[in-house]
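The values are calculated or read from the model by the stated rules, or taken from the named source; none is laboratory data. A quick note: this is a predicted structure, and the numbers were derived from the prediction, not measured. Note: ideal-geometry Cβ built from the backbone for every residue, glycine included; neighbour counts use all protein chains shown. What goes into the accessible areas is simple: the full protein's heavy atoms, side chains included, and nothing from ligands, DNA or RNA. Shrake-Rupley method; radii C 1.70, N 1.55, O 1.52, S 1.80 Å.
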Amino acid sequence: MVGIIEEWWIRLLIGLLCSGLAAAAAYRARSLSGSGAASAVVMGTGFVTLGEPVWFGVLIAFFVSSTAWSKWKRKHRAKAEAEAKYEKGGRRDAGQVWANGGAGLLLCAANALWPDPGWLYAFVGVMAAVNADTWATEIGALSRTAPRSITSGKPVAPGTSGGVTPLGSAAALAGAAFIGAAAALLL
């Protein structure tokens with residue numbers, strides 16, 4: 001395993017400290033639930049311990065940008081109506097944290113065990129996908145165009161799972177490109 005700091009236990013301590021501070025701030029800001037904050041500490045520590053800065057940096061780019069879009073225009077009528085239909089609220093719980101970052105952590109661990117650039121490419125792709133999904137949901141809720149079902153093409157109510165709009169689709173593209181750009185800057 002190659003890293004800026006070679007001693008794994010120092011990276012572990014740094015990961016615990018930094019992830020703990022970030023999770024506490026996100027919990028106080030009501031971005032993470034208690035289970036989400038605990039999961040974020042475990043996940044963040046894993047990324048710092050097992051990976052190089054690009055791995056943790058891309059994760060942070062995802063979390064910060066997605067949290068910002070979740071908070072943006074939260075009181076907007078259209079967004080509030082759409083969010084009322086979401087299965088989960090704005091606070092990310094353990095399930096959401098692991099759904100968004102778990103595959104990335106597995107790729108980071110695989111890279112630590114069997115170093116290969118392909119792991120990082122796969123990781124960036126995974127994070128681009130989860131970021132695209134989050135941005136599409138958060139920004140797409142503000143669309144003035146009625147969403148259409150991705151499967152049938154028929155109009156659906158805002159907030160319906162599988163409902164897409166041109167604004168949400170553009171947001172997905174921007175979210176994926178953002179992660180690609182963040183990775184490129186960190187390399």
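Just the accessible area for V64, please: 1.4 Å probe, Å², rounded to the nearest 10?
For V64, solvent-accessible area is about 90 Å².
When ligands, DNA and RNA are left out and all protein chains stay put, how many square angstrom of accessible area per residue does the chain have with a 1.4 Å probe?
Accessible area per residue: 54 Å².
Could you give the DSSP H helices of the chain that reach 20 angstrom or more along their long axis (alpha carbon positions) and whose average Kyte-Doolittle hydropathy is no lower than -0.5?
8-28, 34-50, 53-71, 94-113, 117-140, 166-186
Give the carbon-plus-sulfur fraction of the accessible surface of the chain in %, rounded to a whole number; probe 1.4 Å, heavy atoms of protein chains only.
Of all accessible area on the chain, carbon and sulfur atoms account for 69 percent.
Ordering Y121, Y27 by how much accessible area each has at a 1.4 Å probe, largest first, what is the list?
Descending accessible area places them as Y121, Y27.
Taking the Cα centre of the chain as origin, sum charge times position over the Cβ atoms of Lys and Arg (+1) and Asp and Glu (-1), and report the length of that vector in debye to the nearest 20.
For this selection, approximately 1120 debye.
What FRET efficiency, computed as 1/(1 + (r/R0)^6) with R0 = 45 Å and r the Cβ-Cβ distance, is obtained for R144 and C18, rounded to the nearest 0.05?
The calculated FRET efficiency here is 0.65.
Probe radius 1.4 Å, ligands and nucleic acids left out: which of R11, R92, R144 has the largest accessible area, and how do the rest follow?
My answer, sorted largest first, is R144, R92, R11.
With a/c under 1.5 counting as rounded, go ahead and sort region 18-76 into rounded, prolate or oblate using the C-alpha gyration tensor (a ≥ b ≥ c being the square roots of the eigenvalues; past the cut-off, prolate if a/b is larger than b/c, else oblate).
Note, shape of region 18-76 comes out oblate.
What FRET efficiency, computed as 1/(1 + (r/R0)^6) with R0 = 25 Å and r the Cβ-Cβ distance, is obtained for L185 and L113, rounded to the nearest 0.05?
0.40
Quick one, which of (i) 1.88; (ii) 1.08; (iii) 1.13 is the actual Cα Rg over 2.2 N^0.38 Å calculated for this model?
Comparing each candidate, only (ii) matches the computed number.
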